[in-house]
1. Scan the stretch 88-111 for residues that are surrounded by 11 or more Cβ atoms within 10 Å (Cβ to Cβ) and under 20 Å from Q52 (Cα atoms) and jot them down.
2. Looking at I71, I21, I15, I60, which one is of a type in the set (V, I, T), without any contact (Cβ under 8 Å) to a residue 60 or more places away in the chain and touching a Cys at 6+ places or on another chain (Cβ under 7 Å)?
Amino acid sequence: MVFFEMVKTALKTVIHRPATILYPAQAAKKTPISRGHVVFDGSKCISCSLCQRKCPSQAIVLDKEAKSWQIDRFRCVVCNSCVDTCPTKCLSMDTQYTAPVSVRGVEVFTITYVKPPKPEKKDEPKQ
Ligand code: SF4
Ligand code: SF4
């Protein structure tokens, strides 16, 4: 029985077209919910650093002193976690895949607003 199942599967494979494509020579199939790459809009960022904390691959680095927001595309696994987390919706997911590159690079964006540090708590007087 196992033999016939195997022959059936082999024949199906011969008849049907392959499930894979020769990417990037052949354009990848996309849908409206395809995850291509993360897009950042620095004008809406409030430097809360939630995206950095939620990123499972440490692809995002927020530097408040340098007023910069960076993403390492080689580290990003396009999980959408940062997009879901961002409270101001300045992160979005584009369906366009990034072009293949051979050199490692980090994309750096400038942010305009930097969240002020929390005021230090005053010690309560002891009784
Ligand atoms: S999509 Fe996922 S892996 Fe990529 S930067 Fe956002 S949280 Fe990190
Ligand atoms: S991109 Fe969004 S989540 Fe990340 S620091 Fe800016 S406002 Fe916060």
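1. Matches in the stretch 88-111: T88, C90, L91, S92, M93, D94, V106, E107, V108, F109, T110, I111.
2. Going through I71, I21, I15, I60 in turn, just one is of a type in the set (V, I, T), without any contact (Cβ under 8 Å) to a residue 60 or more places away in the chain and touching a Cys at 6+ places or on another chain (Cβ under 7 Å): I60.
This table checks each residue for (1) open to solvent by 100 Å² or more (accessible area, probe 1.4 Å); (2) in contact with a Phe, Trp or Tyr (Cβ under 7 Å, 6 or more places away or on another chain); (3) within 30 Å of T112 (Cβ to Cβ).
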| residue | (1), (2), (3) |
| --- | --- |
| M6 | yes, no, no |
| K12 | yes, no, no |
| P18 | yes, no, no |
| P24 | no, no, no |
| S43 | no, no, yes |
| P56 | no, no, yes |
| D72 | no, no, yes |
| V77 | no, no, yes |
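The values are calculated or read from the model by the stated rules, or taken from the named source; none is laboratory data. Computed from a predicted structure; not experimentally measured. Please note: Cβ atoms are built from the backbone with ideal geometry, for glycine as well, and neighbour counts cover all protein chains shown. Surface areas here come from the heavy atoms of the whole protein model, side chains and all, with no ligands, DNA or RNA. Shrake-Rupley method; radii C 1.70, N 1.55, O 1.52, S 1.80 Å.
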